[in-house]
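Note sheet for the following structure.
The values are calculated or read from the model by the stated rules, or taken from the named source; none is laboratory data. Just so it is clear, the structure is predicted and the values come from calculations on it, not from any experiment. Here the Cβ positions follow ideal geometry from the backbone for every residue, glycine too, while neighbour counts run over all protein chains shown. These accessible areas exclude ligands, DNA and RNA; they are computed on the full protein's heavy atoms, side chains included. Shrake-Rupley method; radii C 1.70, N 1.55, O 1.52, S 1.80 Å.
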Amino acid sequence: MTATTFAVRPSSSRHLAGTATLLRFALRRDRLMIPVWIVVNALMVLSMPNTLKGLYGSPAERADLVRQMETNSSLRALIGPVFDDSLGALTAWRIGVFAAALAAVMGLLVVVRHTRDEEESGRQELVASGMVGRRASLTAALLAAAVANAVLALLITAGLAGQGATGALAFGLGIAGVGMVFATMAAIIAQLTESARLARGLTAAVLGAAFVLRAAGDSATDDGSSVLTWLSPLGWLENVRPYADERWWVLLLLAGAALAQGAVAYALTGRRDVGMSFVPTRPGPANGRLATAGALAWRLQRGSVLGWSIGFFLAGVVYGGMTEGAADLVGDNENAREIIQRMGGQSGITDAFLSSMIGIMGLIAALYIVATVLRLHGEETSGRAEPVLAGAVGRLRWAAGHLTVAFAGSALIMLLAGLGFAVGYGQDLGRILAACLVQLPAVWTIGGAAVLLHGVAPRAATAAWGVAGAVLLIGWVGPALDVPQAVLDVSPFGHLPKLPGEDMAWGPVVVLTAIAGALVAVGLVGLRRRDLTT
């Protein structure tokens with residue numbers, strides 16, 4: 001009777017059995033990560049109208065900004081074209097590309113975490129042995145990403161409704177659409193590779209290529225009509241044109257791409273075994289070549305370091321190239337000059353702009369160091385650390401390998417960012433490198449907090465993302481909102497000297513470095529004394 005009943009059940013029901021349970025489990029596991037990404041992204045978007053109103057309070061000032069953007073190809077490459085001079089349209093122009101990129105990163109992280117990560121750790125095989133459909137895990141992962149993007153769209157729509165409900169809805173749906181395009185793309189790539197790390201890296205590389213295509217197209221035209229712009233999902237978002245005679249049909253491109261990629265992912269997942277992939281990992285040599293725990297850590301993280309290094313160098317080139325153009329754009333606008341000087345110091349506008357952009361690179365470097373430090377947590381909870389520690393490798397030696405990659409890697413990417421700034425700007429190599437390297441004590445302090453959480457409270461280790469997110473929010477949005485200095489001082493970046501332009505102050509640098517060292521030391525002591533987390 002049981003077999004007969006099973007035979008007449010619809011095929012789709014069998015494949016999706018257990019989806020609701022897995023979705024609840026996914027949302028519970030990401031109860032910290034997803035809200036942090038949503039809140040940081042939403043606050044950056046919703047703070048922009050008041051910021052722009054303070055910068056360009058009159059219609060004449062906003063119209064002048066639009067005219068300047070039509071001739072400033074370097075800023076168009078970074079931000080995109082502007083289609084109208086209303087506060088809503090300027091908000092979509094100023095923050096749209098970055099908000100969409102953050103939504104894309106959130107989507108790819110969620111999907112890879114609940115698909116390939118689960119298979120790589122062996123947990124998926126255990127789950128699949130129960131009454132769970134073949135496509136339930138993939139469906140739950142995509143639904144989790146959809147829930148996250150839907151909440152983000154709702155917050156953006158509600159928060160910007162005062163600037164115009166129609167434009168707010170178009171903007172919110174566009175950002176969520178980009179997030180789902182890259183979530184479904186991650187679902188495809190997760191079927192093709194056996195490594196979650198590689199799946200994340202390849203999807204992030206596609207996102208970087210989309211940014212480059214959009215930037216190249218927007219630098220060539222001032223209306224988003226370039227073929228290169230239309231080849232990028234980020235370009236589709238700007239061509240929705242929120243608050244500027246919305247093109248609703250462009251949203252169909254985002255929806256169609258997400259549905260098509262989702263269908264491909266479903267087809268692929270039905271044609272492979274759990275844990276396998278369509279592009280299998282190349283077998284290693286017969287005799288191992290990794291003699292130390294540090295060498296293993298480098299082998300595991302070298303791809304990530306390479307990707308971040310390339311990204312920081314290219315970002316430095318772009319920011320450096322737009323330095324003169326940004327100074328011309330600020331012009332006599334005292335409000336814009338004041339915000340840049342709050343971020344970059346009271347020196348000349350060019351030095352202040354360089355300092356503020358380098359400060360943003362430092363904030364992003366904090367995300368790198370948190371991700372790299374938390375690789376320790378991933379190795380431990382997945383069970384891969386236990387075989388290593390079962391040999392003649394102590395916990396401190398094992399941790400030291402990953403921490404060397406994290407802390408030395410952050411120095412490397414900031415150094416390459418400085419080289420990129422110098423290449424783009426064409427001068428001041430020594431001063432720019434000094435400005436980049438002075439960010440490291442603050443970056444290392446955030447990394448030290450991640451080590452502390454992993455060592456002392458491993459179940460709360462992912463809260464390090466919350467620390468990095470809060471620091472990013474304070475540093476990015478705080479100066480524009482003219483928040484009190486006491487709030488800015490919560491971030492370690494708020495205590496650093498504003499180079500280039502200001503005099504070097506060694507006191508804060510030494511204190512922050514000492515704090516970072518102390519946090520790492522306490523975290524390592526906790527790691528040595530506690531049991532491994534499984």
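Once neighbouring chains are kept in place and the probe is 1.4 Å, which whole percent of the accessible area of the stretch 181-231 is contributed by carbon and sulfur?
It is 74 percent, rounded to a whole number.
What is the ratio of the Cα radius of gyration of the stretch 377-418 to 2.2 N^0.38 Å, where N is its residue count, to two decimals?
Compared with the compact-globule rule of thumb, the stretch 377-418 sits at 1.47.
When the chain is fully extended, how far beyond the present Cα-Cα distance does D503 get from A267, taking 0.36 nm per residue of separation?
My answer for the length gained is 78.9 nm.
Over the chain, calculate the relative contact order: mean separation of alpha carbon pairs under 8 Å at least 6 apart, over the residue count, as a percent.
16 percent
Taking the Cβ-Cβ separation of T166 and T292 as r and a Förster radius of 56 Å, what is the calculated FRET efficiency to the nearest 0.05?
0.40
When the helix-only estimate is applied to the chain (DSSP H runs of n ≥ 4, each -39,500 (n - 2.57), divided by the residue count), what is the mean residue ellipticity at 222 nm, nearest 500 deg cm²/dmol? List each step's numbers first, then the result.
On the way: 27 runs with 406 residues, N = 534.
Estimated from H runs of four or more residues: -25000 deg cm²/dmol.
Computed over the Cα atoms of the stretch 362-504, what is the ratio Rg over Rh, Rh following Kirkwood?
For the stretch 362-504, the value is 1.05.
Run the accessible area of the stretch 30-180 with a 1.4 Å probe and give the carbon-and-sulfur part as a rounded percent.
62 percent
Give me the accessible area per residue for the chain, probe 1.4 Å, as a whole number in Å².
43 Å²
Give the longest segment of the chain that steers clear of trypsin sites (Lys or Arg not before Pro) in DSSP loops with at most 11 neighbouring Cβ atoms within 10 Å, not counting the sites themselves.
Counting at most 11 other Cβ atoms within 10 Å as exposed, the longest clean stretch of the chain is 290-534.
FRET efficiency for V525 and E125, Cβ-Cβ distance as r, R0 = 45 Å, nearest 0.05?
Once rounded, the FRET efficiency stands at 0.80.
Sum up the charges of everything whose Cβ sits under 15 Å from the Cβ of V405, counting Lys and Arg as +1 and Asp and Glu as -1, but leave V405 out. All intermediate terms of the calculation are to be shown ahead of the outcome.
Working: positive: R197, R299, R302, R375, R397; negative: E379.
Net of charged neighbours comes to +4.
To the nearest 10 square angstrom, what accessible area does Y56 show with a 1.4 Å probe?
Around 30 Å² of this residue is reachable by solvent.
For the stretch 76-147, state which chymotrypsin sites (Phe, Trp or Tyr not before Pro) are in a DSSP loop and have at most 11 other beta carbons lying within 10 Å of their beta carbon.
Sites meeting the loop and neighbour criteria: none at all.
Using the C-alpha gyration tensor of the chain, what are the square roots of 5 times its eigenvalues, in whole angstrom, with the largest one first?
38, 32, 19
Would you mind checking the radius of gyration and Dmax of the stretch 45-162 based on alpha-carbon positions, in Å?
20.7, 66
What is the distance, in nm, between label points placed 7 Å from the Cα along the Cα-to-Cβ direction at E386 and at A216?
4.9 nm
Can you give the extra length, in nm with one decimal, that the chain gains between R397 and E70 once fully stretched, where that is 0.36 nm per residue apart less the Cα-Cα distance? Working shown, then result.
Details: separation 327, 0.36 × 327 = 117.72 nm, distance 5.56 nm.
My answer for the length gained is 112.2 nm.
In cubic angstrom, how much convex hull volume per residue do the alpha carbon atoms of the stretch 145-268 span?
103 Å³
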